[in-house]
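Here's the structure we're looking at; comments come further down.
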Amino acid sequence: MIFFLLNSLFSASICARNFTVVFLNPGYPESNATGNFWANVTRFMVAAADDLNINLLTIYAYRNHVLMKSLAQQVIEQKPDYVILVNEKGIALNIVKKIAEHKIPVFMLLNTLSSDEYDLLSQDEKKFLIGSLTPDNYQVGKKLSDDLIKAYLKQNSRDNMINFFVLQGDHTTPAATARVKGFSDSIKAHENINLIDNTVANWSKQQAYQKVKGVLQRDRIDIIWSANDAMAFGAKKAVLEAELIYQPIIGGINWDVSDEGYTIDISYGGHVTLGAYAMAMLKGIDDKVIVDEEKYQLIDIFESSHSKHFSLFEALLVNNELSRYDFARFGEDSTTKMKFSIENLIETLK
């Protein structure tokens, strides 16, 4: 019996291989005007790669979609077993096509191809698109709007007109458009919403600051809905400088930490961890143990900053203690496999 167990473990160790993944990160390797989200995505992926025995290389595009296209050749030159791509500003289609020429499998993270883009792939190219993992951006856009309106109504009459200001990320990235669609559907339930502006600030704190600063010179703003926290921080900076006799309610998305103290009222986040789960999914795909219907996942991962999990999650991120999580628990080969969620991620600390 002991011999059989040891022999099984030995066989499993032979079957499992150490493979290489290149992640083409659309953001920066450090905090910048668009926040620290993409740097943190890589940090979670590195921690997961360590747990899962995966070689990970990250190449950054610095929020430059022209540069991102040119980096495809650099990705190919690494000769990885898999490539992880993000469909930032809708440019992933051409990159997928180029990588497929070299028969390298591609996994889409956070922003995947639209159905129209997918249809533009040849049958051979489609074979190299092996999976995707995306958060439910529509739901988070709606939840954030609902919560901001609820917070406003706690302090004000329901008969008041609510002056609403929206900061979009961009016009084309799937996450950006889905979040705005969620917001739009949220406000349909309220007759007293006055939409002052619905403008793009390119995920940038500085651009959001300038736009909110300008609007406050001529209009009252009651609620600021922001597609990411960096823009929300810029909005808060403009609000503080305006020295208003009232305080607009401000919300964003990402669970970013503002080093300059521009605290906002609510943030939704958790999706920063999905790169780590993508690593676990890739291990299952490589080991050929993940079923086809699990290779393409849409997850409602988002939680509010009022969640009971947020403080500990934030502390571990700020203190660079991501290695305390056990990402192997989300692999298909784990004897105690868990469904991926923020709650279960915290649970692995035990």
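The values are calculated or read from the model by the stated rules, or taken from the named source; none is laboratory data. All figures in this text were calculated on a predicted structure; none of them were measured in a lab. Virtual Cβ from ideal backbone geometry, glycine too; neighbours counted across all protein chains shown. Surface areas here come from the heavy atoms of the whole protein model, side chains and all, with no ligands, DNA or RNA. Shrake-Rupley method; radii C 1.70, N 1.55, O 1.52, S 1.80 Å.
Tabulated data for the structure shown
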{"item": "Most fluctuating residue given options Asp197, Asp50, Asp116, as computed from a GNM of the chain linking Cα atoms under 10 Å", "result": "Asp116"}
{"item": "Stretch gain in nm, segment Lys181-Ser114, where the contour uses 0.36 nm per residue and the Cα spacing is subtracted", "result": "22.6 nm"}
{"item": "Stretch in the chain that is longest and holds no GluC sites (Glu not before Pro) that DSSP places in a loop and that have at most 10 other beta carbons within 10 Å", "result": "31-190"}
{"item": "For the chain, built as a Gaussian network whose Cα springs stay under 10 Å, the top-fluctuating residue of Leu133, Leu144, Leu121", "result": "Leu121"}
{"item": "Relative contact order %, the chain, counting alpha carbon pairs below 8 Å whose residues are six or more apart", "result": "17 percent"}
{"item": "Computed over segment 156-233, Cα set: Rg, Dmax in Å", "result": "12.6, 37"}
{"item": "Hypothetical label at Leu312: residues of segment 42-65 whose amide nitrogen lies under 12 Å (7 Å Cα-Cβ projection)", "result": "none"}
{"item": "Choice from Asn32, Asn94, Asn160 showing the highest fluctuation, given a GNM over the chain with Cα pairs closer than 10 Å", "result": "Asn160"}
{"item": "The chain - mean residue ellipticity at 222 nm from DSSP helices (-39,500 (n - 2.57) per run, n ≥ 4, rounded to 500)", "result": "-13000 deg cm²/dmol"}
{"item": "Solvent-accessible area per residue for segment 224-333 (1.4 angstrom probe, square angstrom)", "result": "41 Å²"}
{"item": "Segment 20-65-segment 114-149 distance, computed between alpha-carbon centres (Å)", "result": "19 Å"}
{"item": "Carbon/sulfur fraction of accessible area - the chain, other protein chains in place, 1.4 Å, %", "result": "50 percent"}
{"item": "Over 28 Å (Cα to Cα) - which of Lys103/Lys181; Lys143/Lys339; Lys283/Lys350; Lys127/Lys205 fall in this group", "result": "Lys103/Lys181; Lys127/Lys205"}
{"item": "Gain on full stretching of the segment that runs from Gln210 to Leu298 - 0.36 nm per residue minus C-alpha separation", "result": "28.2 nm"}
